[in-house]
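Derivation of every value follows stated rules applied to the coordinates shown; laboratory data play no part. All figures in this text were calculated on a predicted structure; none of them were measured in a lab. Cβ sites come from the backbone with ideal geometry, for glycine too, and all protein chains shown count toward neighbours.
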Amino acid sequence: MSTFAPTSGQWYWEVYIDAVSSSGNHLGVMSTDYAKDSDHYNEFDVIGCRADNYDLTAVGRGQGITAVGSNTATLAGFVAGDIISFELNLETPQVIINKNDSPIMNRTFTYDSAYPVLPWIRNNSSNISILNCGQDSSFAGNATAQGNQDGNGVGDFYYEPPTDYLALCTSNLSDPEIKLPASEAFNTVLYTGNGSTQSITGVGFQPDFTWIKRRDDVDNHVLFDAVRTATKYMSSNLTAAETTDTDSLTSFDSDGFSLGSFGEGNDSSETYVAWNWLGGGGAVTNTDGTNIDSQVNANPTAGFSICTYEGTGTAGDSFGHGLASKPDLVILKRRGYAGNWVVGSDELTSWDYYVPLNEATEQTDYDFFNDTPPTASVVILSGDGAVNYDNAISGNGTYVAYCFHSVEGYSKMGSYIGNGNVDGTFIYTGFRPAYYMIRKVNAAPPTGWMIEDRKREEPFNDYARDLIANDDYQEQPDTRTSMYSNGFKIIATSNNFNTSGGTYLYIAFAEYPFKYAPAR
């Protein structure tokens, strides 16, 4: 697959056929959501063809690309010296495949925009296909190539691209809302405790949500946010109620935060990591909900909000989340009572399911979200005490919810299917990750919520320092993923990352949007 996966627009590229085998030279388009089997293509979400006229178009597994109707061009094979060109229109959507400028395949399709469509080539030892995305006017010695270098983003091609079709190059990608560097909305800082008081700087903004974990020994995760206010924390690995400690995180500052002497965040000579998110700078009352007014600190540009509310005990009541789009993922906890953290997501079987942040696998029949996805304005609740206990009864029905939705070039909430192979699944995010948290959700044995980030790693692609959100373990030195300029790849067979057929939920944040990411 190519490194580019555009989500809109019209795109053109060419492939020069340098050598052919009868069933080789697989060419087409593929969804970033695909299932690889032992034959490498039979279950792909693809539209395409190969040298012997074979139609490679497949339905896939439901989330990716699905062809509509039949091919309206004459399917034709190709030989060495042919140029196969592609016209991908994501507005229709439609893909036209040409051989020497004559159509051989023309198919409309549907696809889920969460799983973009991108060029796909498969070769073996007997055939060679050379991809040109506008960078190569020679086409392996073909001196008659046409094109231009006049800066309009079309590129150098053998044939003239259709009007308004662009080359797949970074200059033609749209500017992300959160630009270079992405650390203006999320950032990781590392520090060493001093056992007294200190201010941690280098975040780059005043955080509204700070999650701290000791790295070099066993200790609880501690989560603070500006809506509940400093000195109040909860632990992602525990069911415990909210704790107030005046020696914990004492303030959110303009470039970080200040700490007292508490052992879970500032023991002398111990090493720590803090993950920080930028909210909206202050909480406001949100009245979008049904019978529930929430206090909301929202950053709609970054797709993130912190919400607190008092429960009513009534199924179907809701609270406003303050974002401009429907949350893809909600992390929710009752503050005054010991109980599970509740994680709901579009990537689970339905919103009748949840995954505890503190333990276990996907759970069902709890109906915490009233079996209803969030809307663009509210999160709907059942009457269960884990999410909506009537605060008027005893005064401990108060809650906090962290709401997230994907933002192109900055954040991604999604899932992938493990293949049980060290050559594991590649997950396209559209950015170079700074952080991701991964959890298997569909089957036993249970796994951890595995956290990796760029700041704790060596300056290479492979990463080997896991922390586990639902456990107090110190860093685990196992190399199981690789980070790239456009996503991450699984490179181990660990149950925590890559059981064959396992469904893995992930939440990721960018270091750089792909358009500006240094190559890795």
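What the table below lists for this structure:
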| read-out | value |
| --- | --- |
| At R0 = 22 Å, FRET efficiency that the Cβ-Cβ distance of Asp247 and Asn194 yields, to 0.05 | 0.95 |
| Per-residue HN-Hα couplings for the range 279-288 [Karplus 6.51, -1.76, 1.60; θ = phi - 60°; Hz; x = Gly/Pro] | x, x, x, x, 8, 10, 6, 10, 10, 5 |
| Label-reachable residues, the range 477-520, where backbone N falls under 17 Å from a point 7 Å from Phe460's Cα toward its Cβ | 477-485, 489-492, 520 |
| Sorted by Cβ density within 10 Å, fewest first, the residues Cys49, Cys133, Cys307 | Cys133, Cys49, Cys307 |
| Value at 222 nm in deg cm²/dmol, rounded to 500, when DSSP H runs of n ≥ 4 in the chain each add -39,500 (n - 2.57) | -500 deg cm²/dmol |
| Gain upon complete extension [Asp55, Ala324; 0.36 nm per residue less C-alpha separation] | 92.7 nm |
| Rg/Rh (Cα only; Kirkwood hydrodynamic radius) as it applies to the chain | 1.02 |
| Check: the range 241-339 dipole with +1 on Lys, Arg Cβ and -1 on Asp, Glu Cβ, in debye | 400 debye |
| Cross-link partners of Lys455 among aspartates and glutamates (Cα-Cα below 14 Å; sequence separation of 8 or more within a chain) | Asp466, Glu475, Glu511 |
| Segment Ser268-Asp217, extension gain: residue separation times 0.36 nm, minus the distance between their alpha carbons | 17.1 nm |
| Burial ordering of Phe252, Phe426, fewest other beta-carbon atoms within 10 Å first | Phe426, Phe252 |
| The range 356-490: mean projected area of Cα convex hull, nm² | 10.5 nm² |
| Relative contact order computed over the range 284-404 (Cα-Cα under 8 Å; 6+ residues apart), in percent | 32 percent |
| Table column - 3J(HN,Hα) (Hz), the range 123-129, Karplus curve with 6.51, -1.76, 1.60, x for Gly and Pro | 10, 10, 5, 9, 9, 9, 10 |
| Stokes-Einstein diffusion coefficient of the range 182-277, Kirkwood radius over Cα pairs, 20 °C, 1.002 mPa s, in µm²/s | 165 µm²/s |
| Interchain or long-range residues, amide H under 5 Å from Ser251's placed H | Ser258 |
| Computed label-point distance, nm, for sites Thr74 and Val284 using a 7 Å Cα→Cβ extension | 6.3 nm |
| Neighbour-count order for Arg215, Arg228, fewest beta carbons within 10 angstrom listed first | Arg215, Arg228 |
| Additional length obtainable on full extension of the chain from Glu184 to Asp255, 0.36 nm per residue less Cα span | 24.5 nm |
| Projected label distance in nm at Thr110 and Thr229, using a 7 Å step from Cα toward the beta-carbon | 5.1 nm |
| In sequence order, calculated HN-Hα J values of the range 325-335 (Karplus, 6.51, -1.76, 1.60; Hz; x Gly/Pro) | 9, 5, x, 7, 8, 10, 10, 9, 8, 6, 7 |
| The range 412-516: relative contact order as a whole-number percent, Cα under 8 Å and 6+ apart | 45 percent |
| Mean separation of Cα contacts under 8 Å (6+ apart) over length of the chain, as relative contact order % | 11 percent |
| Cut-off under 5 Å, modelled amide H: who pairs with Leu168 long-range | Tyr12 |
| Cα-projected label distance for Asp293 with Ala519, points at 7 Å along beta-carbon direction, nm | 5.7 nm |
| Amide hydrogen neighbours beyond the local backbone of Trp341, cut-off 5 Å, H modeled | Leu357, Asn358 |
